[in-house]
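The values are calculated or read from the model by the stated rules, or taken from the named source; none is laboratory data. Note that the coordinates shown come from a computational prediction; the quantities given were computed from them, not determined experimentally. Neighbour counts are summed over all protein chains in view; Cβ atoms, including those assigned to glycine, are modelled from backbone coordinates with ideal geometry.
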């Protein structure tokens, strides 16, 4: 079996697992379910992925590399324009976040990583890379991006962002601790809400 055929079969299996994760939780998916969804025998599945752990690890690596590849293509397309690189990066993140299929896969992978120690390392590597990327975005945004009229972000928008921060930070810290202090996080969230309530007045001045 040549390398291209092996890769195609591997992709077929991982695509089948993605489809299943769009319908079910990871805990309800068996190796037989994946084999049936991919249209192959269980033995054929185990040839590529001997265990459920290796199967999910394969999806994890494929999933994260896909995000990184899409980001790099977008950066290369901007030909060094730092403003466009930052905006394109954020747009790419938004497109990913708003895709319900991606979110279902992502959540299942994170939950599985909390159970299986071997999954934590690649998840942490991904988080480290993206944390560094966000640091660069934050630094660039301080100087290179145009000013934004904050009045366009209403209280409901700020409240949703606050909700996302508070609900997700615990999960992220469990997998990849950065030592965020709860009191500091609370002050930051309060600053967002204070900024939201003051945005219309500041925009009019």
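Worth a mention:
- Residue check for residue 96: at pLDDT 80 or above and within 21 Å of the chain's Cα centre (by Cα): no
- Odd one out for residue 139 among (1) surrounded by 12 or more Cβ atoms within 10 Å (Cβ to Cβ); (2) modelled with pLDDT of 70 or more: (1)
- Residue 22 falls short of the stated requirement of being over 17 Å from residue 115 (Cβ atoms) and either in contact with a strand residue (DSSP E or B) (Cβ under 7 Å, 6 or more places away or on another chain) or modelled with pLDDT of 95 or more (or both).
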